[in-house]
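Peer 1: Quick one: the structure is below, questions incoming.
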Amino acid sequence: MARKKLTAKAVEGNLKPGYHSDGTVPGLYLAVGTSGSRSWVLRYVPPKLAGTITTRAAGATAGRNKPRAMGLGPFPAISLAAARERAKIERTKIAEGIDPLEERRKEEAVAAASAAKMTTFADAASSYIDAKENGFKNPKHRQQWRNTLETYANPIIGNIDVAHIDTDLVLKVLQQDVHDKTGEVIGTFWNTKTESASRVRGRIENILSWAAFRGLRPQGDNPARWKGHLDNELTARSKVQKVVHHAAMPYAQVGAFMAELRKRDAGVAARALEFAILTATRSKETREAVWAEIDFTNRLWTIPAERMKKEKEQVIPLTDEMVAMLEALPREENNPHVFVGLRGKSTP
């Protein structure tokens, strides 16, 4: 006697708890729980392994051809039509000598092993920064790396396997929306914060190169490289955001400016600016100067390589005027800095 076929209406209707045969695909059932929950199950006898004895006397191989039940998903997430299609696919495998449950378990084991070996981009970035610890100018520089990646890269690609980072994902980082304080979109990261975006791009490129070296991703072209790759879509930094330097003071006016500076302000900031002008050094080099760098006997200021932009030690001769200025500066106990209170600030 032919079994009554399930219909979409019947599946949604009132059914008693238990297994209800589909009536179309052999072994396909709708399992109805006492709470009314419903899911699809495929019952089947696994194919016999060639040359394998399957009697109870066979010991470890005994019972391999007992009926098995394979879940195909819950209803209504899986419709009647979808359940039939899935059941037909599994039936075809069985006919070809493949046990679908064993196949699923192997796939899950492979996926689990792959997940165990997976290294996220965030983890790779952290490991790279740790590995290159001595390559950073100072702890502040190293922290800048972490901060920019945490702010701009990790929210988008931080949890993704570093092996799967591709050009599209790199562009998602560089072209993400930037919002103002009110939450309104003011443009893309690359177009509104070009300098920071360019640095993030370079940092992603370095991390991906390191990951390839460590075998965490395939060797080959780096999806974050600029030349011949990202430059095909992103506008060059120099064209997006031109660098505007402070206007230079005409040489003839410097003397009058220095005289006015000395008259108007006797504070530390004014003296730091005066000292920077006299020594022709960068603002940061002056602000972070420490007394240990000053040799009053030989009248020299030695700036160590780690504080120089080009990482080369610089020795600056000090004139009588410079020495007098330094000797007149206030000092604080246990504070090694020459210009007290200016470290981390910009000179006027």
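Peer 1: Restrict the check to region 6-18 and report whether at least one residue is under 16 Å from Glu90 (Cβ atoms) and either open to solvent by 100 Å² or more (accessible area, probe 1.4 Å) or assigned to a loop (DSSP other than H, G, I, E, B) (or both).
Peer 2: No, region 6-18 contains no residue that is under 16 Å from Glu90 (Cβ atoms) and either open to solvent by 100 Å² or more (accessible area, probe 1.4 Å) or assigned to a loop (DSSP other than H, G, I, E, B) (or both).
Peer 1: Oh, and also: Could you grab me the full set of residues in region 288-303 that are over 34 Å from the mean Cα position of the chain (by Cα) and outside any strand (DSSP E or B)?
Peer 2: Once the filter is applied, which keeps residues that are over 34 Å from the mean Cα position of the chain (by Cα) and outside any strand (DSSP E or B), region 288-303 yields Ala289, Trp291, Ala292, Glu293, Phe296, Thr297, Asn298, Arg299.
Peer 1: List every residue pair whose Cβ atoms sit under 7 Å apart, with the two residues 6 or more apart in sequence or on different chains, where the first one lies in region 70-98 and is on the phi < 0 side of the Ramachandran plot and the second, anywhere, is open to solvent by 50 Å² or more (accessible area, probe 1.4 Å) and hydrophobic (A, V, I, L, M, F, W, C).
Peer 2: Partner pairs satisfying both residue conditions: Leu80/Ala8.
Peer 1: Quick test for you: out of Lys284, Lys309, pick the one residue that is open to solvent by 70 Å² or more (accessible area, probe 1.4 Å), part of a loop (DSSP other than H, G, I, E, B) and within 30 Å of Gln253 (Cβ to Cβ).
Peer 2: None of the others qualify; the one that does is Lys309.
Peer 1: May I ask you to list pairs of residues, at least six apart or on different chains, whose Cβ atoms are under 7 Å apart, with the first in region 2-31 being in contact (Cβ under 8 Å) with a residue 60 or more places away in the chain and the second being open to solvent by 20 Å² or more (accessible area, probe 1.4 Å) and assigned to a strand (DSSP E or B)?
Peer 2: Once the first residue is in contact (Cβ under 8 Å) with a residue 60 or more places away in the chain and sits in region 2-31, its partners that are open to solvent by 20 Å² or more (accessible area, probe 1.4 Å) and assigned to a strand (DSSP E or B) give Leu6/His20; Val11/Phe75; Asp22/Tyr29; Gly27/Arg43.
Peer 1: Before we move on, is Asp168 of a type in the set (Asp, Glu) and at pLDDT 90 or above?
Peer 2: Criteria met by Asp168.
Peer 1: Does Lys193 count as loosely packed, with under 10 Cβ neighbours inside 10 Å and either at pLDDT below 90 or on the phi < 0 side of the Ramachandran plot (or both)?
Peer 2: No: the conditions fail for Lys193.
The values are calculated or read from the model by the stated rules, or taken from the named source; none is laboratory data. These numbers were taken from a predicted model, which means no experiment stands behind them. Reconstructed Cβ throughout: ideal geometry from the backbone, glycine too, with neighbour counts over all protein chains shown. Ligands, DNA and RNA are stripped out before the accessible areas are found, and what is left, the full protein with its side chains, is counted by its heavy atoms. Shrake-Rupley method; radii C 1.70, N 1.55, O 1.52, S 1.80 Å.
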